[in-house]
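Read the structure below first, then the notes.
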Amino acid sequence: MSWEDSEFLNAKPVNTRAEIGAYEYLWKQPSTSTKRLAELFEANPGMLPSELVGETEAMHAAEEVLAHFAKKGIKRFGVRIHGTHDYPERLRDATEPVEMLYFLGSWELAEAPRRIAVVGTRKVTTEGAARTRKLVKLLVENDFTVVSGLAQGVDTIAHETTIAHGGRTVAVIGTPISEVYPRENAELQRLIAAKYLLVSQVPVLRYKSQSPNWNRLFFPERNKTMSALSDATIIVEASETSGTLIQAKAALNQGRKLFILESNFHNPTITWPAKYEKLGAIRVRDFADIQRAFV
């Protein structure tokens, strides 16, 4: 659904511009967090954002968003709003599901079969980088759609390798679709937005109005959404305190498959692999371990 369109839920007309503005207005309130917003919608089942915000406030916020996108050169984008027919219901598996997503590119990739997230540390080792390339090449050859977060390290290698081998890739980012992080991935992000799929749940106006330290909180929330959009998550390499483990926990809580590469179990500096294996994660000794889980 593009922002110009109107859709219908039951007998209610859905003005996409008003919904964007209302959602952004809700996020502009200083006390709003992912948790509090999820609680607000849970307390008002079946209600759209525009039913919780005044029309004037919603339309003003929408104009701000559209003006910002125009300034950044974004003329066409898509949204997915909970309560409309094209919103992916699997997002409701998250503990605090998002009510709206922005995207650039081909949404069909979010519906492609065998979507598997490949994630890991930003400070990837030489061995971890090689394992990522080998793994992703096999995923592409076996018709998986590779999802990742466009961060440094494992994420970047996963996207680049997928593209190099003619595969399908989805980037779920922790900034608005109008921003780039890290800066060195600007061209890669543009390529994914143009030819593949770039997804963000990050509210534009809230992001603009607060400090980078506060904006970093959107990254772990991104990981939960990435897991919900995927059928499974594979962890290539991660430290004991890695944000990747937020996605590992989310995957298990959401009923998704969680794979952990065998090399992690032989790293004496970490204990998380054994912990997650006991919780139901699948140890990957070879690619057949992944294939068997999708039969």
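The values are calculated or read from the model by the stated rules, or taken from the named source; none is laboratory data. Note that this is a predicted model, so its numbers are computed, not measured. No Cβ is skipped: glycine too gets one built from the backbone with ideal geometry, and neighbour counts run over all protein chains shown. Just the protein is used for accessible areas: all its heavy atoms, side chains included, with ligands, DNA and RNA removed. Shrake-Rupley method; radii C 1.70, N 1.55, O 1.52, S 1.80 Å.
Could you check, for region 86-103, whether at least one of its residues is more than 30 Å from Phe41 (Cα to Cα), open to solvent by less than 40 Å² (accessible area, probe 1.4 Å) and hydroxyl-bearing (Ser, Thr, Tyr)?
No, region 86-103 contains no residue that is more than 30 Å from Phe41 (Cα to Cα), open to solvent by less than 40 Å² (accessible area, probe 1.4 Å) and hydroxyl-bearing (Ser, Thr, Tyr).
When you go through Lys195, Lys249, Lys208, Lys224 one by one, which is the residue that is open to solvent by 60 Å² or more (accessible area, probe 1.4 Å) and either without any contact (Cβ under 8 Å) to a residue 40 or more places away in the chain or among the β-branched types (Val, Ile, Thr) (or both)?
When all the criteria are applied, what remains is Lys249.
Okay, residues lined up against (1) assigned to a loop (DSSP other than H, G, I, E, B); (2) out of contact with any helix residue (DSSP H, G or I) (no Cβ under 9 Å at 6 or more places or on another chain); (3) of a type in the set (Asp, Glu); (4) at negative phi:
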{"position": "Gly73", "(1), (2), (3), (4)": "yes, yes, no, no"}
{"position": "Arg92", "(1), (2), (3), (4)": "no, no, no, yes"}
{"position": "Glu108", "(1), (2), (3), (4)": "no, yes, yes, yes"}
{"position": "Pro113", "(1), (2), (3), (4)": "yes, yes, no, yes"}
{"position": "Val124", "(1), (2), (3), (4)": "yes, no, no, yes"}
{"position": "Ala130", "(1), (2), (3), (4)": "no, yes, no, yes"}
{"position": "Ile163", "(1), (2), (3), (4)": "no, no, no, yes"}
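Please determine whether any residue of region 175-196 is at pLDDT 95 or above and farther than 28 Å from Lys75 by Cα.
no
Looking at region 154-168 only, could you name the residues that are farther than 17 Å from Arg114 by Cβ and surrounded by fewer than 24 Cβ atoms within 10 Å (Cβ to Cβ)?
Residues satisfying the conditions are Thr156, Ile157, Glu160, Ile163, Ala164.
Out of Glu184, Glu179, report the one residue that is assigned to a loop (DSSP other than H, G, I, E, B) and of a type in the set (Asp, Glu).
Glu179
Quick one: in region 227-246, which of the residues that are small (Gly, Ala, Ser) and open to solvent by 30 Å² or more (accessible area, probe 1.4 Å) is farthest from Glu127 (Cα to Cα)?
Gly243
Residues of region 141-191 being acidic (Asp, Glu) and closer than 23 Å to Asp231 by Cα, which ones?
Glu141, Asp143, Asp155, Glu160
Can you name every residue in region 247-284 that is out of contact with any Asp or Glu (no Cβ under 9 Å at 6 or more places or on another chain), closer than 20 Å to Lys123 by Cβ and small (Gly, Ala, Ser)?
Ala248
Could you please give the count of residues in region 75-86 that are assigned to a loop (DSSP other than H, G, I, E, B) and at pLDDT 95 or above?
Number satisfying all stated conditions: 1.
Yes or no: Ala171 open to solvent by less than 30 Å² (accessible area, probe 1.4 Å) and more than 21 Å from Thr233 (Cβ to Cβ)?
So Ala171 fails the test.
Name, by its number, the condition in (1) in contact (Cβ under 8 Å) with a residue 60 or more places away in the chain; (2) open to solvent by less than 20 Å² (accessible area, probe 1.4 Å); (3) assigned to a loop (DSSP other than H, G, I, E, B); (4) of a type outside the set (Lys, Arg) that does not hold for Val53.
(1)
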